[in-house]
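Please read the structure below before turning to the comments.
The values are calculated or read from the model by the stated rules, or taken from the named source; none is laboratory data. No experiment lies behind these values; they were computed from the predicted model shown. Positions of Cβ are backbone-derived with ideal geometry, glycine not excepted, and every protein chain shown enters the neighbour counts. Only protein heavy atoms, including side chains, enter the accessible area calculation; ligands, DNA and RNA are left aside. Shrake-Rupley method; radii C 1.70, N 1.55, O 1.52, S 1.80 Å.
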Amino acid sequence: MTLEVEQRRAPEPVAGGAAEWTPRVMPPIGRDLDARQKLACAFRILGRSGFTENIAGHITVRAGDTDELWVNPWGLWWEEITASDICRVSPDARVLAGKWDVTPAIHIHTELHRRRPDVRVVVHNHPYYATVLAALGVLPEFLHQTGSMFDGDLAFIDEYTGEVATADLGADLAGRIGDKSVVLLANHGVIVTGPSVEEATYRAATIDRQCRLMYDVLVSGRDHTLVTPGLRRSMKASLLERGTDFFWNGAVRALLRDHPEVLD
């Protein structure tokens with residue numbers, strides 16, 4: 001039996017983002033956060049979302065208008081970090097302030113920040129489904145509208161080089177990443193960059209879900225549809241320009257209800 005499918009021209013996509021609609025007011029977090037408190041919240045939020053792999057992972061944030069970086073210490077899981085645990089390091093990875101050491105893999109971050117002044121935040125870890133796709137050599141496709149936030153930003157680095165523990169190795173990786181903001185690393189994990197802690201955390205929390213969706217579609221073995229290129233730009237604008245504060249404020253409120261000590 002043949003089904004007749006109605007053929008019609010799709011309407012022009014809306015502009016999306018703030019150009020389309022901006023909320024008059026947003027429910028607040030309830031208090032102001034300084035840079036270290038925001039970073040500590042980011043670790044806890046991503047730890048709660050499954051983005052971590054126990055001892056692995058690091059997030060760096062540029063310290064104000066300097067070339068120095070805030071980063072998590074070696075020895076604490078993301079789920080237990082507080083604001084007072086955050087360390088400050090020089091562009092060459094020397095610890096300038098903080099109670100603890102930092103990972104030698106900090107060079108993943110120092111060299112990427114050095115190459116990309118537009119990047120204020122670098123997130124790296126080994127979330128499960130992103131790591132599965134990294135082992136398969138597959139990037140997530142645009143299977144769902146939320147994946148549109150990564151339109152034009154995805155890349156795959158297809159060579160595993162072991163631990164990135166020197167500035168030279170970090171510089172080589174930064175060169176391979178180029179101007180992309182979400183990169184799967186073969187047999188390793190994922191790097192997410194962003195202009196703010198809020199946006200980088202939102203994008204990091206979203207990418208592993210998109211990778212899981214891709215994995216499940218691959219396992220199904222069935223044909224699948226994609227969000228068309230013409231619609232991705234407006235969806236990306238709406239997700240990032242309107243969704244970032246929605247995600248961040250809600251995630252921090254939920255975190256502080258359960259773990260107010262994160263700000264200590």
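Show me the chymotrypsin sites (Phe, Trp or Tyr not before Pro) within region 218-264 that DSSP assigns to loop and that have at most 13 other Cβ atoms within 10 Å of their Cβ. Those that pass, being in a loop and sparsely packed, number zero. Accessible area per residue for the chain, computed on protein heavy atoms with a 1.4 Å probe, is 53 Å². Simple rule: put +1 on each Lys or Arg Cβ and -1 on each Asp or Glu Cβ in region 150-264, find the dipole, and look at PRO229, VAL252, ALA204; the Cα lying farthest toward the positive end is PRO229. The residue list TRP100, PRO27, GLY16 was ranked by how far each Cα lies along the charge dipole of region 9-107 toward its positive end, using unit charges on Cβ atoms, and PRO27 comes out on top.
Within the accessible area of region 77-235, the carbon and sulfur atoms contribute 50%, probe 1.4 Å, all protein chains present. Going by a ≥ b ≥ c, the root eigenvalues of the Cα gyration tensor, does region 133-241 fall in the rounded group (a/c under 1.5), the prolate group (a/b larger than b/c) or the oblate group? Here region 133-241 falls in the oblate category.
Magnitude of the charge dipole for region 164-264, about its Cα centre and with charges confined to Cβ atoms of Lys, Arg (+1) and Asp, Glu (-1), is about 500 debye. With helices as the sole contributors, the chain gives -12500 deg cm²/dmol at 222 nm; each DSSP H run of n ≥ 4 counts as -39500 (n - 2.57), and the sum is divided by every residue. Mind pulling the angle between the C-alpha long axis of helix 197-220 and the longest principal axis of the chain? Nearest 10 degrees, somewhere in 0 to 90. The answer is roughly 50 degrees. Assuming charge only on the beta carbon of Lys and Arg (+1) and of Asp and Glu (-1), the dipole of the chain about its Cα centre is about 540 debye to the nearest 20. Determine, at each q value in 0.07, 0.10, 0.14, 0.17 (inverse angstroms), the log₁₀ of I(q)/I(0) that the Debye formula gives when each Cα of the chain is one equal point scatterer. Log10 I(q)/I(0), no solvent term: -0.26, -0.52, -0.99, -1.40. Note on region 109-207: with charges restricted to the Cβ of Lys and Arg (+1) and Asp and Glu (-1), its dipole about the Cα centre is near 160 debye.
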